[in-house]
Structures are given as structure tokens and as C-alpha cells.
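First the structure, in the form of C-alpha cells, and then the observations on it.
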There are 2 protein chains.
Amino acid sequence: MQSLSKTNLADTAVEAIRTDILARRWAIGEKLPNEAALSSMLSVSRGTVREAVRVLASQGYLETRQGSGTYVLSTVDTARPLTMARRAGLRDQFEARLALDVEAARLAALRQTPTTVSRLRALLSARGHSEASDRAAFIISDFAFHQAVIAASNNAVLIGMYDFFSTVIAETIAATLEDDLPEPDMAAHAAIVDAIESGDPDKADAAVRGFMAPVLAALDKLLLS
Amino acid sequence: MQSLSKTNLADTAVEAIRTDILARRWAIGEKLPNEAALSSMLSVSRGTVREAVRVLASQGYLETRQGSGTYVLSTVDTARPLTMARRAGLRDQFEARLALDVEAARLAALRQTPTTVSRLRALLSARGHSEASDRAAFIISDFAFHQAVIAASNNAVLIGMYDFFSTVIAETIAATLEDDLPEPDMAAHAAIVDAIESGDPDKADAAVRGFMAPVLAALDKLLLS
DNA sequence: AATCATAAAGTCATCGGATGACTTTATGAT
DNA sequence: ATCATAAAGTCATCCGATGACTTTATGATT
């Protein structure tokens, strides 16, 4: 098993530069050596350096400015929390997603408008219709509803993170659980929309926690067995 | 303000290919046209195509196999949300971290032990001692305290995410704000520990929200000016 | 001496071509 | 039908050249 070190120069260059960035070799805002210098420092061609730099730029570490140079933008290692979350247990993942859910619902209540509320109601009714018929369609419309709740928070970070955790949790469930978790009923869903419509963040908070409590309880039971 | 459409060919190529991938133009496992073909399809040089493909490969969409071709690996990129988070606004970042903070404090209250509580008190007093003397030392011990609160939740995902957001927020502040944000006083800090010690999650929840409310208010004032 | 338009230098963006390494497919002998 | 080998296909890497853009240096003007 393993080895995976099917090394290619560009990836090696990415890691070399990333390591230096994380080691604070250059301060934030500081300019890296130019492409020719990096090329000779790493003993690879300029084209390879460009591929490496572009990867790091796409990951938010660097920024290149034509005519000026390449600058360090950030030294945060996005890969680490990501892999940690992946390897964590399902219970931890659920708790993290609940944190996002609750905060999103609170913000959604504060920033609620008639438009977003009616959109939520429409999605909820679509979810209801597909419930009886098609299982796959139901899962999709259910997810669409929850996503819309998060979207109503108007917070780009929460929206992105929720997507991330949804995927991670789905993967973990597929890998570790045989049995299904209970799906809250229509009333629990409607309670969330009502709370958002009321504009009261504490109510929205409580609605989401009430929604998730039975799911978490069932999860604990499954994990113990 | 802004425009950010400082288009360059490689990024345009990345988006063009990513769009096709998300539109399921090629099935998972299917081979993309070779570099020369992509090059003429997109009307860019082969080098530019390579930069684009490597970015998408680094994001988990594609995989290139030397001598064989480039293949679609997945149509979802889990790292994207975190990269987005890094580029989001400060208010969004704070709200996301608050979500983690609150949930962590709730869990810390539920899972509290005499050991963790006394450790928190020790860190808090260390923070108090360094307050007067050394600014740098104070920041470190303040951060250590907050980290310990999160750690008391015993949730690996929350711990990792909190680290991530702390760094991201610090970097965003350094890049965008001139003035300092207010630092909650000792009483506000102690209230969090007390709430955790009480074992009441709602109390912990309220303590953290009360702790952060003035900071968020000050942030809004700064962002408006 | 200070200001400002302009030239020069520095740097990334993009291109095209060439060679090597590796994989897949076609070939042909057995 | 099998299998070793050749051929073709494809990515990996390098090199050199030109263009576009930014920063710095220059020098004339006031």
C-alpha cells in the first residue's frame, strides 16, 4: 500500500513554496523572488514555477500582479482544518454543522424579508410534494430547503461551510452508518420558517435546536450500538 | 469600489473548464480532450491550458496521468468553501467564528470537569498578568485562553475550524482595519468560565454572545465609516 | 529645489516550438 | 490466440521570444 509519491516537478515546487510560506519565510504582503529567480532556486523551468505559483494563488496563498511581482496574501493552511474535519467523528461533524445552522437561522431571522420567507415556504411545499413519490427527488428538495435557510443568512462564509459539512457528513454516513437517521417531520421544518418570519433570532435558534435534537439523540444511540 | 474582473486568460480557462465539469460535460472518470485540443478550443496556448488544468487538479476536479490523459475525478470541490471564507468580508468571518464559539461553549458546559475549569481559570489569570506589561505576550495569552475554551468542547472539528478562522480574521483585520477593535474586559471573560462551570449550555451560550456583542457593534461602526 | 512628463528597467502574461517520459494501441511473428 | 515489440498518443519539462503592465529613474521645466 501507498507511496503515492508519484512526484512531478510542479507539485514538488508547490510544496516547497507552500512550506516556505507557512514557515513565514516571507511576511504577508511581501514580494516573492521573481519567476526567473524562483526558477533557478528550485531548479525547474519558469513554466513550472508559473504552474506552481498559480496553484498557490488559486488557494489563496499568493497573488500575482502583472508587471509588479508575486506577493504573499495569507499564511493559513486551508488543508489542515479540512482534513481534520474529514477524519473527525460523525458526532463532531454534526455538532459543527449545527453551530452553522443555528447561527444562519438567527441571521436569517434578523435579515428576513417577505421574498425570502415566501421562497422558503415554496421550497418547503415542494419538499412535501415529493415526499411520498420519489425518494431521490425528496432528498434533493429537502437539501434545497435547508440550503435556502442558510442562504437567507446572507453570509457567504456560512453558506460555503454548510455546503462543505453537508458533503463531509454525507460521506461519513455512507462510510460508517448502515441505518438511516430519522428525518424531522413537516411541522419541525415549518417551525423554522415561522421563526425566521417572526424576526426573532432566539426563536429561530430554538427552532433549529429543536429540529436537530431528535436526530442527534438517534445518532448517539446508533453510535453506541 | 471593486470590479475584480481583472481577467487573465488562465483564470478564464479555469472557469470555462470548471463550468463544463459542473455541467457534467464529461462524466466522472471520462477523459478530457488532450492539451492541444483544449488549447485550440479555448484559443489559448498549451502552457495556459496546463496552468488551468493544474489548478483544477489541485482542487480535486481533475487528475492528469502522464502519457494517458486528463480525467474528471469529481464534480465537487470541498476545499472551495474555505478558500471562499478567506476572501469573504470581516463581518461574515466574525459571524462564522461566533457560531463556532457559541457551540463550543455550550458543549464545554455540558462536558465540563473540574480539571478543565481550573485550567481555564489559570489561563485567565495568566492573561490578566500579562495585560499590563507586554502587548505581544498579552495577545498570545489571550488567544491561548480562547483556544482552551474551544478545546474544552472536546470537538475536533470545532477546534480546527476555530484555529482557521482566528488566523483568517487576524489577517483580514491587519489588511483592512486601521483602528483596533475593543477587547472585552476581565469580567466578560470570567463570565464565560463561570457559565461553563455551571454546566448550563444556555448560560454559556449567552455569555459568549454577550462577550462578542460589543465587538461586533464596534466592527459595524468601523465598517460603516 | 520641486514638479511632472517621459524613458528605462523590472516583472508577469502568453505564445510557439522542441525534447523527453510514459501509456496505450497497433503490429507481426510465433 | 499469445505475446514481444514497434508505433502512436499524451503529458512533463524546458527554452526562447514578445507583449503588457508596473515601478523606478531621468531630465526638463518652472
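Considering only segment B:69-83, state which residues are more than 15 Å from DNA strand C (Cβ to nearest atom), of a type in the set (Gly, Ala, Ser) and surrounded by fewer than 16 Cβ atoms within 10 Å (Cβ to Cβ).
Answer for segment B:69-83, where residues must be more than 15 Å from DNA strand C (Cβ to nearest atom), of a type in the set (Gly, Ala, Ser) and surrounded by fewer than 16 Cβ atoms within 10 Å (Cβ to Cβ): just B:SER74.
If we scan segment B:165-181, do we find a residue that is surrounded by fewer than 16 Cβ atoms within 10 Å (Cβ to Cβ), in a helix (DSSP H, G or I) and away from chain A (no Cβ under 14 Å)?
Taking every residue of segment B:165-181 in turn, none turns out to be surrounded by fewer than 16 Cβ atoms within 10 Å (Cβ to Cβ), in a helix (DSSP H, G or I) and away from chain A (no Cβ under 14 Å).
Does segment A:18-46 hold any residues that are of a type in the set (D, E, K, R) and either within 27 Å of B:ARG65 (Cα to Cα) or away from DNA strand C (no atom under 14 Å from the Cβ) (or both), and which are they? Please lay out each step first, then the result.
Taking segment A:18-46 first, the residues of a type in the set (D, E, K, R) are A:18, A:20, A:24-25, A:30-31, A:35, A:46.
Within segment A:18-46, A:ARG18, A:ASP20, A:ARG24, A:ARG25, A:GLU35, A:ARG46 qualify.
Okay, residues lined up against (1) assigned to a loop (DSSP other than H, G, I, E, B); (2) buried (at least 16 other Cβ atoms within 10 Å of the Cβ); (3) near DNA strand D (Cβ under 8 Å from one of its atoms); (4) not assigned by TED's automatic domain parsing to the domain that holds B:VAL14:
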| residue | (1), (2), (3), (4) |
| --- | --- |
| B:PRO33 | yes, no, yes, no |
| B:SER40 | no, no, no, no |
| B:THR48 | no, yes, no, no |
| B:ALA52 | no, yes, no, no |
| B:GLY60 | yes, no, no, no |
| B:GLY67 | yes, no, yes, no |
| B:ALA85 | no, yes, no, yes |
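As an exercise: evaluate B:SER153 against (1) in a helix (DSSP H, G or I); (2) buried (at least 22 other Cβ atoms within 10 Å of the Cβ); (3) within 14 Å of another protein chain (Cβ to nearest Cβ) and give the number of the one condition it does not meet.
Only one criterion in (1) in a helix (DSSP H, G or I); (2) buried (at least 22 other Cβ atoms within 10 Å of the Cβ); (3) within 14 Å of another protein chain (Cβ to nearest Cβ) is unmet by B:SER153, namely (1).
Of the conditions (1) assigned to a helix (DSSP H, G or I); (2) more than 28 Å from B:ILE159 (Cβ to Cβ); (3) not hydrophobic (A, V, I, L, M, F, W, C), A:GLU15 satisfies every one except a single condition; which number is it?
(2)
Could you check A:GLU15 against (1) more than 16 Å from DNA strand C (Cβ to nearest atom); (2) at pLDDT below 95; (3) within 24 Å of B:ALA96 (Cα to Cα); (4) not aliphatic (A, V, I, L, M) and say which number it fails?
The failed condition is (3).
The values are calculated or read from the model by the stated rules, or taken from the named source; none is laboratory data. Note that this is a predicted model, so its numbers are computed, not measured. Every residue, glycine among them, receives a Cβ derived from its backbone with ideal geometry; neighbour counts consider all protein chains shown.
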